[in-house]
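All remarks here apply to the structure that follows.
All of the numbers you see were taken from the coordinates with simple rules; none came from a lab. All of these numbers come straight from a predicted model, not from anything done at the bench. Ideal geometry is used to build each Cβ from the backbone, glycine not excepted, and the neighbour counts take in all protein chains shown.
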Amino acid sequence: MLVSLYPWLKAFHIMAVIAWMAGLFYLPRLFVHHAERAAPGSEMAETFVMMEQKLLRLIMNPSMIASWVLGVLLILSLGLGTVMSEGWFHVKLTAVIAMTVFHMWCARHRRLFAEGGATLSGRRYRIMNEVPTLLMIVIVIMVVVKPF
């Protein structure tokens, strides 16, 4: 049954991943501007808090969940044993777990900003903004090139 749905599962999985990645690229960039340009409690800070919350709750969380659910369905459609025997898949899965941990780090920092307790500098958030790019590179190479 799932095998016949594979192209659809893959298409929706790719769309969900694109939406998730867009949020993972944008939220830390919002943190940079929030940390550098908005005094705690200011109107600008409240605007950033609202933008960060909506991005996380309306785009990032649903797309992360969809990415995971559709990814698991893709694995099941191919056969768990088949996929789990591939070395590239283990690297990809580790990178996706790391991406999920980064998502949770972003959620924590969004909450810290909302509570007025964020202490990282704009520079630190700029550095953290590179994490999803590095993970994306690993994931795409593993899926497309399958080096091992």
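General observations
- Convex hull per residue volume in Å³, alpha carbons only, for the chain: 96 Å³
- Approximate spin-label separation ARG57-LEU120, in nm, with each point projected 7 Å along Cα-to-Cβ: 2.2 nm
- Rough spin-label spacing in nm, given labels placed 7 Å along Cα→Cβ, for VAL3 and ALA98: 3.5 nm
- Helical contribution to [θ] at 222 nm, DSSP H n ≥ 4, -39,500 (n - 2.57), averaged over the chain, rounded to 500: -27500 deg cm²/dmol
- Residues MET21, MET51, MET44 arranged by fewest to most Cβ contacts within 10 Å: MET44, MET51, MET21
- For the pair the range 1-65 / the range 78-145, the C-alpha centres are spaced 13 Å from each other.
- Comparing GLY81, ALA35, VAL69 along the charge dipole axis of the chain, the residue lying farthest to the positive side is GLY81, per the Cβ-charge model.
- Sorting TYR125, TYR6 by the number of Cβ atoms found within 10 Å of their own Cβ, with the fewest placed first, yields TYR6, TYR125.
- Distance histogram for the range 47-96 (every C-alpha pair counted, 5 angstrom bins, percent rounded to whole numbers): 4, 18, 19, 19, 12, 10, 9, 6, 4, 1
- Each Cα pair under 8 Å and six or more residues apart adds its sequence gap; the mean of these over the residue count of the chain is a relative contact order of 39 percent.
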